[in-house]
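The next block holds one structure in the form of structure tokens; read it before the comments.
The values are calculated or read from the model by the stated rules, or taken from the named source; none is laboratory data. What you see is a predicted model; the values in this text were computed from it and never measured. Heads up, the Cβs are rebuilt from the backbone with ideal geometry, glycines too, and the neighbour counts pull from every protein chain shown.
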Amino acid sequence: MDMIAPVMAEVSAQELEGFGLGSIGAGTRLGSGNQLIIESCNSTWLFDHDKSRFRRVPRGTPLDLPAPDAEWQRFYRLEVDPDTDAFLVHLNESGSRLLRSFRHRPPCQQCEPHGTVELSLEAIRQGAGDD
């Protein structure tokens, strides 16, 4: 039996509402202009479709301050899978450079129960986190 790869749809900020991922969808919201904001387990992703650029910052970072142009990276396409919450960022036109992540929505199958934790150097020396 052949496996069929999940289909991801290329979307713009305006189209996300049709996927159930619009401003009311957990982990996704629309920012100012044509800017899409997606929360992953550890990061906040900001996509500026008008300028074909994105940036990723740690979750909880204030987004109300303008970011220098150097903090933005070009992207060519954003694909979203509404069934798995996966999203794929094409970094070049050919699609040979990609970033993939998942929207964070509790209960999150990606980070729970093994969420990212901070360990002290002492805890590491003592083997904390070893199973």
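Going by the structure shown, is Gly22 at pLDDT below 85 and not in a loop (DSSP other than H, G, I, E, B)? Here the answer is no, as Gly22 does not meet what is asked. Counting the residues of segment 53-78 that are loosely packed, with under 10 Cβ neighbours inside 10 Å and under 27 Å from Gly95 (Cα atoms) gives 4. Restricting to segment 84-96, name every residue that is of a type in the set (Asp, Glu) and either surrounded by 18 or more Cβ atoms within 10 Å (Cβ to Cβ) or within 15 Å of the chain's Cα centre (by Cα) (or both). Once the filter is applied, which keeps residues that are of a type in the set (Asp, Glu) and either surrounded by 18 or more Cβ atoms within 10 Å (Cβ to Cβ) or within 15 Å of the chain's Cα centre (by Cα) (or both), segment 84-96 yields only Asp85.
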